[in-house]
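Here the structure is laid out as structure tokens; the discussion comes afterwards.
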2 protein chains.
Amino acid sequence: MTHAILTTVADRPGMLSSLTRVLADHDANITYVDIHSGAPTLGIYFEVSLPEGGSTIERVLADLLGVPGVERAEETPSFSRIYGKRIVVMGGGAQVGLVAMGAIAEADRHNIRGERISIDTIPLVGEQELAGAVRAVVRLPRVQMLVLAGSLMGGEITEAVKEVQARGLKVISLNQAGSVPDVADLVVSDPTQAGVMAVMAIAETAKFDLARQTKRRY
Amino acid sequence: MTHAILTTVADRPGMLSSLTRVLADHDANITYVDIHSGAPTLGIYFEVSLPEGGSTIERVLADLLGVPGVERAEETPSFSRIYGKRIVVMGGGAQVGLVAMGAIAEADRHNIRGERISIDTIPLVGEQELAGAVRAVVRLPRVQMLVLAGSLMGGEITEAVKEVQARGLKVISLNQAGSVPDVADLVVSDPTQAGVMAVMAIAETAKFDLARQTKRRY
């Protein structure tokens, strides 16, 4: 059973360590954690799954409240339920904007039917900057698709794409100069359609299967 | 001194607890933490600041590597350096798309000059859904501005806006029906301009000062 827990704690060293110790003692598997700074208290948010037949969430919350420095510990709606799956769009401002437009319009149609899909973007230029941002995507939570929206992408960016693909991330590229389209899972010429297809590929409410489109160009 | 650390660890309970124990022993202040699931190993990413004259990062990495189950521990570029400040845009698909277009085009101009600004969006309808998403924004890392893009927002959403404002978040609203514009820090009629102003308000490279525009309507 998965639970989201929000704690409010004193801003001093060792708090995260004390809280995770309590969670470990209850065999809670921590799938997400997040620190939100504020003064004089910090918010520390966890998503945990508790083993069946093990501790109840009430018991875990009570033990968290027993840690010195913890002011509050309560259940809260999870990010997965609120912001859902993420698509990240990066590249040149003109194209990123149009891909985002397509993706947002399509996500709207699915979110109305109960999906939760967010579209996150960063306009960014430069081979090293983009390669760094691509590599970092797999460290962000809940990301299911990367769209590379530009006019020329290759070199180190292509290497970064191969690395994140090896870790299971799907990558759509606009049809553009450079070697990125050669390695992308799907290549699309029209930025609006690229955004729409990115959403269709991850929406449970859509019939589009990226596996059947792999390496195709539109 | 701030450092970003990426560890690769065995996927078993208690790993986060063991790692944070080591960081606490070095008086490292953890400002960000993130778990990226994978099989059979997990990636756990930290941003920490170490006290001046205290442990070196090399020493901390060596001790992290000494924890049973830790396969790798190394320094890595930080998310703040890669994705920077975030603006979150939420509301109806049509307006969210246009606000995003304006914000992405403007962020592009600043990111070229060394800023790092990301635009994150979620198309979402419904009073309870939006109120929940607004409240959760302050639990997301690096968010500096919320833009509410819709045609009718009030009730519980307005209460949620007041709560996040009390925690220091700035909120721009489109000029729309409902009570949200009455409490927003700035109200803008044109969605493209709302996106542009949101970026200008948080960019170090811009001259726009939201404090001087508070409660104005454009």
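The values are calculated or read from the model by the stated rules, or taken from the named source; none is laboratory data. Note that the structure is predicted; figures quoted are calculated from it, not measured. Here the Cβ is made from the backbone with ideal geometry for all residues, glycine too, and neighbour counts use every protein chain on show. Just so you know, the surface numbers come from the protein's heavy atoms only, side chains and all, with ligands and any DNA or RNA stripped out. Shrake-Rupley method; radii C 1.70, N 1.55, O 1.52, S 1.80 Å.
Just to be sure I understand the filter: pairs with C-beta atoms under 6 Å, separated by 6 or more residues or on different chains, first member in the range A:129-149 and closer than 21 Å to A:Ala201 by Cα and modelled with pLDDT under 95, second member open to solvent by 10 Å² or more (accessible area, probe 1.4 Å) and not in a strand (DSSP E or B). Which pairs pass?
A:Val138/A:Arg167; A:Val138/A:Leu169; A:Gln144/A:Ile202
Restricting to the range B:14-38, count the residues that are closer than 20 Å to A:Ala24 by Cα, polar (S, T, N, Q) and free of Cβ contacts under 8 Å to residues at least 40 places away in the same chain.
Going through the range B:14-38 one residue at a time, the tally reaches 3.
Identify the residue in the range B:39-75 that is assigned to a helix (DSSP H, G or I) and without any contact (Cβ under 8 Å) to a residue 40 or more places away in the chain and, among all such residues, is nearest to A:Tyr32 (Cα to Cα).
The residue in question is B:Leu65.
Taking the range A:22-48 as the search range and keeping residues that are out of contact with any Phe, Trp or Tyr (no Cβ under 9 Å at 6 or more places or on another chain) and of a type in the set (A, V, I, L, M), which one is surrounded by the fewest Cβ atoms within 10 Å (Cβ to Cβ)?
The extreme case among them is A:Ala39.
Tell me, please, whether a residue that is of a type outside the set (A, V, I, L, M), closer than 19 Å to B:Val9 by Cβ and assigned to a strand (DSSP E or B) can be found in the range B:24-34.
Among the residues of the range B:24-34, at least one is of a type outside the set (A, V, I, L, M), closer than 19 Å to B:Val9 by Cβ and assigned to a strand (DSSP E or B), which makes the answer yes.
Is at least one residue of the range B:171-184 among the hydroxyl-bearing types (Ser, Thr, Tyr), at the interface with chain A (Cβ under 9 Å from one of its Cβ atoms) and farther than 19 Å from A:Asp108 by Cα?
Checked against the condition, which is being among the hydroxyl-bearing types (Ser, Thr, Tyr), at the interface with chain A (Cβ under 9 Å from one of its Cβ atoms) and farther than 19 Å from A:Asp108 by Cα, the range B:171-184 yields no hits at all.
Could you check how many residues of the range B:101-138 are open to solvent by 20 Å² or more (accessible area, probe 1.4 Å), facing another protein chain (nearest Cβ under 7 Å) and over 28 Å from A:Gly92 (Cα atoms)?
Selection size over the range B:101-138: 2.
Can you find a residue that is more than 9 Å from chain B (Cβ to nearest Cβ), part of a strand (DSSP E or B) and among the charged types (D, E, K, R) anywhere in the range A:78-92?
yes
Considering the range A:4-21 alone, what residues qualify as being part of a helix (DSSP H, G or I), surrounded by fewer than 22 Cβ atoms within 10 Å (Cβ to Cβ) and more than 7 Å from every other protein chain (Cβ to nearest Cβ)?
Result: A:Ser18, single match.
Name the one entry in B:Pro68, B:Pro51 that is open to solvent by 20 Å² or more (accessible area, probe 1.4 Å), more than 19 Å from A:Phe79 (Cβ to Cβ) and more than 10 Å from chain A (Cβ to nearest Cβ).
Exactly one residue qualifies, and that residue is B:Pro68.
Just give me the residues in the range A:166-191 being surrounded by fewer than 17 Cβ atoms within 10 Å (Cβ to Cβ) and under 21 Å from the mean Cα position of the chain (by Cα), in sequence order.
A:Ala166, A:Arg167, A:Gly168
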